[in-house]
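The values are calculated or read from the model by the stated rules, or taken from the named source; none is laboratory data. Keep in mind it's a predicted model, so treat the numbers as computed, not measured. All Cβ positions, glycine included, derive from the backbone under ideal geometry; neighbour counts span all protein chains shown. Just so you know, the surface numbers come from the protein's heavy atoms only, side chains and all, with ligands and any DNA or RNA stripped out. Shrake-Rupley method; radii C 1.70, N 1.55, O 1.52, S 1.80 Å.
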Amino acid sequence: MSELLIEIGTEELPALPLLKELKNIRTKWEKILEENHLKSAFDFYFTPRRLVFYHKNFAPKQEDSLIEIIGAPKDVAYKDGVLSPAGMSFLQKTGLSEDALEFKTIKGREVLYCQKKLEGRPSEELLPMMIESLLKSLNFGKSMRWGAYPFEFIRAIRSLVCILDDALVAFESYGVRSAKKTFVHRCVSYAGLEFKNAEEYFEILEQNFVILSPEKRRAKILGELALIEKSHALSIADDPELLDELVAITEYPTALLGGFREEFLQIPSEVIITSMRENQRYFAVFNQSELSNHFVLITNAVCEDYAQVIHGNERVLSARLSDAAFFYENDLRQGLKPEKLSKMLYLDGLGTMADKIEREKELALLLCEFLRNDKKEAIKEAVRFSKADLATQMVYEFTNLQGVMGGYYAEKMGLSYEICLAIKEQYLPTCEHSALPSTEFSSILALANKFDTLLALFSIGKIPTGTKDPYALRRAAVGVLKILLHLKKSFDLKRFLEQASRHYRDFDWGLLENFILERMHTLYAANASFIKAALASKNSDLIHINAAILALMELSQKANFSENFSTFKRLANIATPKDTPIRTELFESEAEEELFEAFKQSLKTQNIKQRLENLFALKPLIDDFFEKVMINSDDAGLKNNRQALIFAIYNEFLKIADIKELRL
């Protein structure tokens with residue numbers, strides 16, 4: 001076996017596109033290896049200026065393989081004992097003589113057949129094509145061209161390395177010739193450094209401040225953060241996404257503690273944290289639970305004295321916080337002015353933001369009715385001011401602070417704490433692990449916002465297709481479900497959408513109902529058929545559906561669930577809809593009587609889990625009924641009565657979950 005080292009050297013790769021494609025790079029190289037019959041284990045590394053693949057044991061050539069060549073059927077290959085054009089074509093394709101022709105029976109027909117040994121090609125011949133295939137397969141979003149070259153990549157490719165057992169695999173791709181040369185940290189040298197083999201390659205990078213392993217860069221950052229916390233008795237914000245980005249944009253990361261003037265702490269902490277994180281990629285620092293006037297920067301610089309690096313970053317942050325303070329003070333003087341929203345377009349076909357506010361007000365009032373909340377006047381006030389911060393300078397500068405700043409400004413205007421909190425929390429949840437609105441009042445405002453987005457976009461045909469969801473409607477639907485389930489109040493989604501849709505252009509709101517309910521699958525680590533069965537029930541109350549799913553999940557863990565399932569699956573399959581009452585005077589056997597009495601007893605609880613348990617407990621009586629009772633009796637009256645009993649049992653299941661949909 002051989003040793004293989006591949007390095008693709010580039011200009012600095014942007015972090016976010018790199019991180020997005022990162023999980024696919026390894027998979028794509030594995031696929032290329034498999035397609036070329038050179039599959040082997042490898043290590044994958046990256047820095048902002050290189051992608052590296054290292055194989056400790058790589059085959060020097062492909063394995064030999066056998067290929068089958070199948071030709072025309074015998075009666076087509078020969079006509080009147082003479083080889084036909086189809087037969088001659090097979091000879092040319094295989095290089096055989098007519099005497100060497102063989103036939104093989106495949107799918108009942110004799111056909112021309114040849115098995116040939118295909119000799120494996122040397123890896124050195126294949127690698128240039130494989131590397132180019134990889135480069136063409138990578139998708140970082142936007143690409144660029146450089147020089148007069150016709151090809152594209154996310155950033156200009158500056159070097160290529162391909163070494164197989166210390167020997168350079170010479171080739172040219174993307175305007176670059178391969179060489180035994182790599183680029184080290186820019187603070188050390190801008191020139192490429194030569195090396196002899198893979199071992200020397202790794203040594204050169206390590207000695208010249210390039211930590212090739214992203215895991216080691218991550219560990220270095222985390223270790224230095226912990227040291228700063230311990231040395232200065234501070235707490236640094238846990239920010240996994242920022243950490244990922246910093247790992248991706250550094251080759252030799254170093255954590256440094258900086259500070260800013262205490263007077264800036266009068267600005268809302270969210271503004272300071274956002275400014276530091278989004279503009280400068282700094283970690284926020286806390287003194288116990290309070291935001292400190294410190295920050296941690298991760299520099300890629302290599303020097304003996306980092307004082308100038310810290311000072312330069314402090315100056316930049318000071319300027320940004322001065323701007324933020326100006327925006328904040330100016331916004332406070334202006335106050336929230338909802339009337340400005342009438343000049344702000346929401347979306348083509350849906351009017352202005354003021355129009356959206358009016359729709360949200362109607363939905364909020366409807367939600368109050370459905371959730372039996374009597375704070376309608378306060379809700380109207382909250383809706384009125386909810387989007388007013390979109391017209392402020394601070395939100396114009398930091399769009400992700402919408403709602404948050406509205407809450408602060410509303411508080412300064414003297415609005416109630418409940419309204420200010422609702423304005424602040426109206427966009428929750430913002431992601432998979434986000435917090436939910438903390439009160440029912442806040443939840444109503446958040447639901448009005450999300451329901452309007454869903455109803456409005458569906459009403460103008462902006463429905464997500466495939467992986468495309470430009471308006472984040474799937475996230476809005478998941479948010480609706482999470483909030484409503486968290487409130488633990490009965491909520492008939494079907495009835496709500498039917499009434500709410502009257503405020504929008506005419507559209508099939510049933511499509512929206514299905515769209516929202518489909519998102520239920522994302523909320524449970526359960527057999528998908530349990531969720532499908534619960535959604536197929538005759539109940540559109542979300543709390544009821546949730547209870548049914550949880551009950552099925554719990555009951556499925558019992559040892560006898562599979563055995564019960566087979567009986568009730570049979571019951572569901574033979575159940576025939578009957579609207580006739582069950583007549584006990586037509587019972588002819590104890591099996592019928594016992595099943596009917598036990599069935600009536602099973603319905604005496606309103607608890608969904610208990611009712612399911614009671615229904616599943618009917619299994620032995622149903623088995624006995626199937627064994628002893630002829631359902632399809634010649635007597636039409638008896639037949640209808642027995643079918644009515646079977647359907648009544650299935651129908652009770654159907655009120656909770658359709659057992660026809662269950663798959664174990």
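Remark: relative contact order (the range 4-107) = 24 percent; criterion is Cα-Cα distance under 8 angstrom and separation of 6 or more residues.
Under 16 Å from a label point set 7 Å out along the Cα-to-Cβ vector of I460, the amide N atoms of the range 344-386 belong to 344-360.
Amide hydrogen proximity for G120: with H placed 1.01 Å from N in the peptide plane, the residues at 5 or more positions away or on another chain lying under 5 Å are D64, S65. Considering only F647, L345, F46, and ranking their Cα positions along the charge dipole of the chain that arises from unit charges at the beta-carbon of Lys, Arg, Asp and Glu, the one farthest toward the positive end is L345.
Available extension along the chain between R186 and E554 is 126.6 nm, counting 0.36 nm per residue and deducting the alpha carbon span. Amide H to amide H distances under 5 Å link F153 with M144, where only residues 5 or more positions off or on other chains count and H is placed in the peptide plane. Between the range 523-591 and the range 373-388, the C-alpha centres lie 42 angstrom from each other.
Our note on the geometry: Cα centres of the range 102-149 and the range 58-91, 20 Å apart. Amide H contacts for T352 (H built 1.01 Å from N in the peptide plane; partners 5 or more residues away or on another chain; cut-off under 5 Å): Y346. Peptides 542-551, 326-335, ordered by how many other C-beta atoms sit within 10 Å of their residues on average, highest first, read 542-551, 326-335. Only one of the values (1) 30.8; (2) 46.9; (3) 39.3 was calculated from this structure for mean projected area of the Cα convex hull in nm²; name its label. Calculated mean projected area of the Cα convex hull in nm²: the matching label is (2).
Taking Cα centroids, how far is the range 468-499 from the range 295-334 in Å? For the range 468-499 versus the range 295-334, the Cα centre distance is 41 Å.
How many lysine pairs in the range 127-225, separated by 8 or more positions in sequence or lying on different chains, have Cα atoms less than 27 Å apart?
Pairs that pass both the separation and distance tests number 8.
The string of couplings for the range 275-289 from the Karplus curve (6.51, -1.76, 1.60, θ = phi - 60°) is 4, 5, 6, 6, 8, 10, 6, 9, 8, 6, 10, 10, 9, 6, 9 Hz, one whole number per residue in order, with x for Gly and Pro. Across the range 75-169, Cα pairs under 8 Å and at least six residues apart give a relative contact order of 13 percent.
Look at the dipole of the chain built from charges on Cβ: of A307, A156, A572, the Cα furthest out on the positive end belongs to A572.
When only Cα pairs below 8 angstrom with a gap of at least 6 residues are kept, the chain shows a relative contact order of 8 percent. The largest accessible area among R217, R277, R583, R26 belongs to the first residue in R583, R26, R277, R217, and the rest follow in falling order (1.4 Å probe, all chains). Exceedance of the 30 Å cut-off in Cα-Cα distance is limited, within the set K230/K412; K375/K482; K532/K619; K20/K387; K578/K619, to K230/K412; K20/K387.
Summing charges over neighbours of K450, with a neighbour being any other residue whose Cβ is under 13 Å away from its Cβ, gives +3 when K and R count +1 and D and E count -1. Short version: ³J(HN,Hα) in whole Hz for each residue of the range 427-434, in order, from phi by Karplus 6.51 cos²θ - 1.76 cosθ + 1.60 (θ = phi - 60°), x for Gly and Pro, what are they? Couplings: 9, 6, x, 9, 7, 4, 9, 5 Hz.
Around F171, under 9 Å between beta carbons, what's the net of Lys plus Arg minus Asp minus Glu among the other residues?
In short, -1.
Overall, the chain carries a charge dipole of about 1140 debye about its Cα centre when +1 sits on the Cβ of Lys and Arg and -1 on the Cβ of Asp and Glu, all other atoms neutral.
Annotation: peptides 255-266, 115-126, ranked by per-residue average of other Cβ atoms within 10 Å with the highest first, follow the order 255-266, 115-126. Can you check what the net charge comes to around R155, using other residues whose Cβ is under 12 Å from the Cβ of R155 (Lys, Arg +1; Asp, Glu -1)? Result for the neighbourhood of R155: +2. Computed 3J(HN,Hα) for the range 166-175, one whole-Hz value per residue from the Karplus formula 6.51 cos²θ - 1.76 cosθ + 1.60 where θ = phi - 60°, is 6, 9, 6, 8, 7, 6, 10, 8, 6, x, glycine and proline marked x.
Positive end of the dipole of the range 37-179 (Cβ unit charges, origin at the Cα centre): among L112, Y78, H37, the Cα lying farthest that way belongs to H37.
Most tightly packed first, judged by the mean number of other beta-carbon atoms within 10 Å of their residues, the peptides 594-605, 135-146 read 594-605, 135-146.
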